[in-house]
1. Across the chain, how many lysine pairs, 8 or more positions apart or on different chains, have C-alpha atoms separated by under 20 Å? Please give the number.
2. Given the -39500 (n - 2.57) contribution per DSSP H run of 4+ residues, what per-residue ellipticity at 222 nm results for the chain, rounded to the nearest 500 deg cm²/dmol?
3. Seen from all sides and averaged, what is the projected area of the convex hull of the Cα atoms in the range 231-377, in nm²?
4. I need the calculated FRET efficiency for the pair ALA171 and GLU236, taking r as the beta carbon distance and R₀ as 25 Å, to the nearest 0.05.
5. Between ARG80 and SER208, what FRET efficiency comes out of the Förster formula 1/(1 + (r/R0)^6) with R0 = 30 Å and r the beta carbon distance, rounded to 0.05?
6. For labels at GLU140 and ARG39 in the simple 7 Å Cα→Cβ model, what's the distance in nm?
7. Pull up all non-local amide H partners of PHE374: gap of 5 or more, or a different chain, and H-to-H distance under 5 Å with H placed in the peptide plane.
8. Could you tell me which of rounded, prolate or oblate describes the range 255-298, using a ≥ b ≥ c as the square roots of the eigenvalues of the alpha-carbon gyration tensor, with rounded for a/c under 1.5 and, failing that, prolate when a/b is larger than b/c and oblate otherwise?
Amino acid sequence: MERLTLTPRQGWEELVEELGMAYHTIDEETYWDESACYRFSGAEIDEIDLATTELQRLCVEAAERVISEGLFSRLQIPERVVPYIVESWERDDPSLYGRFDLAYDGSGPPKLLEYNADTPTSVLEASVVQWYWLQDCFPEADQFNSIHEKLIASWKEWPGGQGKPLHFACAADSSEDLGNLEYLRDTAIQGGMETRLLFIHEVGWDESARRFVDLDDQPISQLFKLYPWEWLVREEFSSYLAQARLRMIEPPWKMLLSNKGILPILWEMFPGHPNLLEASTGEKPLAGDYVRKPLLSREGENILMRRRGEWGGTPGSYGEEGYVYQRYAELPCFDGNYPVIGSWVIGGESAGIGIREDVSEITTNGSRFIPHFFQES
């Protein structure tokens with residue numbers, strides 16, 4: 001694993017905008033950053049691929065344990081939502097995608113930092129944007145990236161997908177969310193789905209028909225929502241979710257895996273597993289170096305890190321539900337830059353990686369996306 005310094009392509013902004021990435025610059029700072037890239041060996045890519053497959057298996061087993069043993073309170077999941085989750089699990093509601101965030105430097109097994117199992121973003125840049133970059137910059141090399149193909153294949157096989165419109169919704173205030181949503185919608189169209197776009201606040205409720213409807217009063221039978229479950233279940237209309245004839249993507253059972261409370265449960269079930277970090281809950285932190293994370297948080301907010309006796313962290317508005325403590329995993333450092341590997345799961349299968357990098361060990365919304373390639377050694 002190496003970090004290479006490059007000269008960005010001439011007119012790179014227009015090139016990525018043509019692919020739908022209008023958010024290449026955020027708050028006047030470069031987000032899509034092709035002034036550098038990461039090079040892997042084939043063996044390193046194989047190791048990440050195998051670890052991703054293994055972590056997906058472990059997480060599904062952990063979700064099953066939460067349901068079979070009724071451990072929902074450990075995740076601070078409201079009691080009124082529990083039957084909705086259980087029904088979704090028992091129906092085998094399909095999952096489209098997720099992203100594991102991994103610490104990896106090429107010298108040891110990848111370690112799970114967290115599972116972005118509900119509304120993972122950066123899928124557009126991880127799939128087509130970095131793939132076109134590869135064709136322009138390293139056409140003889142390869143890239144761990146079958147995200148696009150697997151998304152289309154998943155839509156083609158989606159249960160009950162054909163013949164009914166699939167609505168796509170996100171919040172109206174994020175160009176990044178909208179860019180990711182439009183890309184995922186495009187893959188659904190390529191997979192043969194009829195789609196419609198709306199914002200989450202435009203979803204309506206037809207009281208007489210007991211169903212959700214769009215702005216044209218057409219029924220919403222399938223909804224892809226780039227909107228976190230923990231926000232959704234607190235909305236005024238959330239009480240209608242269980243009674244509406246509505247299939248959600250991601251499904252309700254993914255609430256179990258997008259919650260960082262799953263990390264201690266994973267460690268309890270698979271102590272010492274090479275791809276896991278020790279994790280615990282409660283007021284008593286781990287001995288030595290650790291990271292404290294809210295059960296529910298986003299964009300690196302409210303993280304507290306203890307490293308070699310020194311403290312660091314990020315502000316934010318999360319933590320009301322409680323925290324988990326996770327063993328500190330040292331990230332590799334390349335000229336003052338700390339990369340985190342986002343390893344994608346599409347349709348339950350390992351599908352490729354994207355890399356976020358920062359001058360801090362805590363990845364935030366402003367952390368840069370750096371493309372990658374690999375060569376057989």
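A short reminder: the numbers here are calculations on the coordinates, not readings from a lab. Predicted model, so just to flag it, every value in this text is computed and none were measured. Note that we place each Cβ from the backbone using ideal geometry, even for glycine, and neighbour counts take in every protein chain shown.
1. Lysine pairs satisfying the spacing and distance rule in the chain number 12.
2. The helix contribution divided over the chain gives -7000 deg cm²/dmol.
3. Orientation-averaged projected area of the Cα hull: 12.2 nm².
4. 0.95
5. For SER208 and ARG80, the calculated efficiency is 0.80.
6. In this crude spin-label approximation the distance works out to 1.1 nm.
7. Amide H neighbours of PHE374: PHE40, ASP142, GLN143, PHE144.
8. Note, shape of the range 255-298 comes out oblate.
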